[in-house]
1. Using helices alone, I'd like the mean residue ellipticity at 222 nm for the chain: each DSSP H run of four-plus residues gives -39500 (n - 2.57), total over residue count, nearest 500.
2. Label Asp158 and Val78 with points 7 Å out from Cα along Cα→Cβ: what is the distance between them in nm?
3. Set the Förster radius R0 to 30 Å, insert the Cβ-Cβ distance between Ser64 and Val151 as r into 1/(1 + (r/R0)^6), and round the FRET efficiency to 0.05.
4. Just rank Ile16, Ile102, fewest to most, by other beta-carbon atoms within 10 angstrom.
5. At most 12 other Cβ atoms within 10 Å plus a DSSP loop assignment makes a site exposed; report the longest stretch of the chain without any exposed trypsin sites (Lys or Arg not before Pro).
6. Quick one: if you stick a label point 7 Å off each Cα along the C-beta vector at Asp98 and Asn50, how many nm between them?
7. Going through the cross-link list Lys86/Lys183; Lys67/Lys104; Lys154/Lys184, which pairs have a Cα-Cα distance over 23 Å in this structure?
8. Tell me the relative contact order for the chain as a rounded percent, counting alpha carbon contacts under 8 Å between residues six or more apart.
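What follows is calculated from the coordinates using simple rules that are stated; it is not laboratory data. These numbers come from a predicted model, not from an experiment. Every residue, glycine among them, receives a Cβ derived from its backbone with ideal geometry; neighbour counts consider all protein chains shown.
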Amino acid sequence: MKKPILITLGIIVGVIALIGILAFSIFGGTYNQLVSLDENAKSSWSQVENVYQRRLDLIPNLVSTVKGYAKFEKETLVGVIEARAKATSVNINPDKLDAGSIQKFQEAQSGLSSALSKLMVVVEKYPDLKANQNFLELQSQLEGTENRIAVERKRFNDTVQEYNTYLRKFPQSLIAGMMGFEKKGYFESDAAAKKAPTISFE
């Protein structure tokens, strides 16, 4: 009698152990994948910040060069300086890449794009400025930076889409909820952004 009971108990323990191993394997694999996708999104975000920072770094030189030629355009130059300061002040925690944070960042950067566009309109009045070698170099760097911004924003949106898609699937959604993984925000097009900012000096 004792032998069949021990065999039955052994089978039950074995089944429970097998279920536990499978559950742990699924949980561990899902958790590790969520971590990988989360890190990819954060890494992509850091590249977005890098290219926007490059644009911010170019602006003081641009303002300085324009100031030497367009002495009567103080209001426009001040607008660029203030928009740059606002854009610089918006920092996002990579652990909180939600839609609200991304929108706040995007609004500050759009304000700077708008101020730069106004400055470029002013530049049209100063042919000597448009022929200045330093200014031409800044033009080239700004155009390249705007292209990099577009590329890195798309890459960021792609990594966020991959993360968000994985997060919403079952059973990942259960594990994500238990472990505190949250949906991330995207860069969205707005009315002003449907056209890339014009950084033309011609």
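1. Numbers: 6 runs with 158 residues, N = 202.
Computed ellipticity for the chain at 222 nm equals -28000 deg cm²/dmol.
2. 4.4
3. Details: r = 28 Å, r/R0 = 0.93.
FRET efficiency, Ser64 to Val151: 0.60.
4. Working: Ile16 10, Ile102 22.
By the 10 Å Cβ count, ascending: Ile16, Ile102.
5. Values: sites that count: Lys71, Lys96, Lys125, Lys169, Lys195.
It runs 1-70.
6. 2.9
7. Working: Lys86/Lys183 27 Å; Lys67/Lys104 30 Å; Lys154/Lys184 14 Å.
Check vs 23 Å cut-off fails for Lys86/Lys183; Lys67/Lys104.
8. Working: 162 pairs, mean separation 64.4, N = 202.
Result for the chain is 32 percent.
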